[in-house]
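See below for the structure under consideration.
The values are calculated or read from the model by the stated rules, or taken from the named source; none is laboratory data. Computed from a prediction, not measured in an experiment: that's the story for all the values here. Glycine gets a Cβ as well: all are built from the backbone with ideal geometry, and neighbour counts include every protein chain shown. Protein only, heavy atoms only, side chains kept; ligands, DNA and RNA dropped before computing areas. Shrake-Rupley method; radii C 1.70, N 1.55, O 1.52, S 1.80 Å.
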Amino acid sequence: MNLTANDIFSVEDKDRFNALALSIFKLQAQNCNVYREYIFHLGVDADAVTEIAQIPFLPISFFKGHSILSNSDPVEISFSSSGTTGMVQSSHHVTDVKLYEQSYLQAFTEFYGDVTEYCFLALLPSYQQRSGSSLIYMVNDLIEKSRHPQSGYFLYNHDELLKTLVDLKSKKQKTVLIGVTYALLDFIEQFDIDFPELIVMETGGMKGKRKEMVREELHEQLTKGFGVKAIHSEYGMTELLSQAYSLGEGIFNCPSWMQVLIRDTNDPLSLIANGRTGGINVIDLANLNSCSFIATQDLGRINPDQSFEVLGRFDNADIRGCNLLVQ
């Protein structure tokens, strides 16, 4: 089956999602060498898989030291995870970067509206100072596509960021401030601003700069410091080409081509019912050319409305740069 971006990003209902997921599973079980070997060692017959619950999820750690590719096209770009010195980084080799671009642009539009209506401000010093960040790739593109003259990065120049925010507020300009957690906290320790219409989107991560905080405490400080009602978040990582978004309270929703499932912490090959806490598995159909079925090292639960919460990490998991706040 020759699947296209249009197939992936036009998913409208559960039946279509499930059908596409199964088709992609069959394709990747055959063409992704690492995934095929993993399935073989589990003793799973890929041809006998007929429903989502039977699909094996590849542990995210396989992206360290392995090339997870399901086609032979040239790699256009490789994204790498952040990490402390000496830590083995994950690499996601992307053979069609347009899948990533369409994923984040369409998801932003679904959750927030037209990109061109916004000014994007980025406070991402740890990401900006290294290469290979998929987040920086996305933010660069959002800044460019916004076409707003004040869109841009602020490394440690908090005075300039404050002036820009005050000016944008006076113009009633729709604005997104996307920032790594510790940098947002650094800013509000210097300045207070009352900008209720501002979308503050924290990407998680103290990067060893501060002690970890529970989400409620963190968001309370940030809402007060920026004068907003809620703090938005994105749930994304190097190994995924899609992101889920939270518009507040740490409650995340996926775009239509992405789904979160919860696995049993004692039996990682089994899924558990909504409302129970377990390991987060992600189906990301945009990962068409790598692997769409990823077992993360995050703990979470799914709510009755299919939204989900991230509740922490497995104890032996590496400290990583995605949105991982232990509650």
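For the chain, the share of accessible area belonging to carbon and sulfur comes to 49 percent (1.4 Å probe, ligands and nucleic acids excluded). Size descriptors for the chain (Cα atoms only): Rg and Dmax, in that order, 19.6, 62 Å.
According to the square roots a ≥ b ≥ c of the eigenvalues of the Cα gyration tensor, what is the shape class of the range 110-207, taking rounded for a/c under 1.5, prolate for a/b larger than b/c otherwise, and oblate for the remainder? Oblate, because a/c is 1.5 or more while a/b does not exceed b/c. Binning the C-alpha pair distances of the range 84-148 at 5 Å intervals from 0 yields a P(r) profile of 3, 14, 22, 23, 17, 11, 5, 2, 0 %, listed from the shortest bin outward. The helix-based estimate of mean residue ellipticity at 222 nm for the chain, built from -39,500 (n - 2.57) per DSSP H run of four or more residues and divided by its residue count, is -9500 deg cm²/dmol to the nearest 500.
Return the FRET efficiency for the residue pair ALA53, ASP192: r is the Cβ-Cβ distance, R0 is 51 Å, and the value is rounded to the nearest 0.05. Approximately 0.55, to the nearest 0.05. Semi-axis lengths, largest first, of the ellipsoid equivalent to the range 174-321 are 28, 16, 15 Å, with √(5λ) applied to each eigenvalue of the Cα gyration tensor.
Normalised by 2.2 N^0.38 Å, with N the number of residues, the alpha-carbon radius of gyration of the range 1-120 equals 1.23.
Taking square-rooted eigenvalues a ≥ b ≥ c of the alpha carbon gyration tensor, is the range 66-118 rounded, prolate or oblate, where a/c under 1.5 means rounded and, failing that, a/b exceeding b/c means prolate? Judged from the Cα gyration tensor, the range 66-118 comes out oblate (a/c at least 1.5, b/c at or above a/b). If you line up the long axis of helix 134-146 against the longest principal axis of the chain, both from Cα atoms, how many degrees apart are they, to the nearest 10? Long axis of 134-146 versus the principal axis of the chain: about 60 degrees.
Beta bridges assigned by DSSP with both partners in the chain are antiparallel in approximately 65 percent of cases. The residues of the range 1-109 have, on average, 51 Å² of accessible surface per residue, using a 1.4 Å probe with all protein chains present. For a straight C-alpha distance cut-off of 30 angstrom, the lysines reachable from LYS229 (same-chain residues fewer than eight places away being disregarded) are LYS145, LYS163, LYS169, LYS171, LYS172, LYS174, LYS207, LYS209, LYS211. Spacing of the modelled spin labels on THR116 and ASP167, each 7 Å from Cα toward Cβ, amounts to 2.3 nm.
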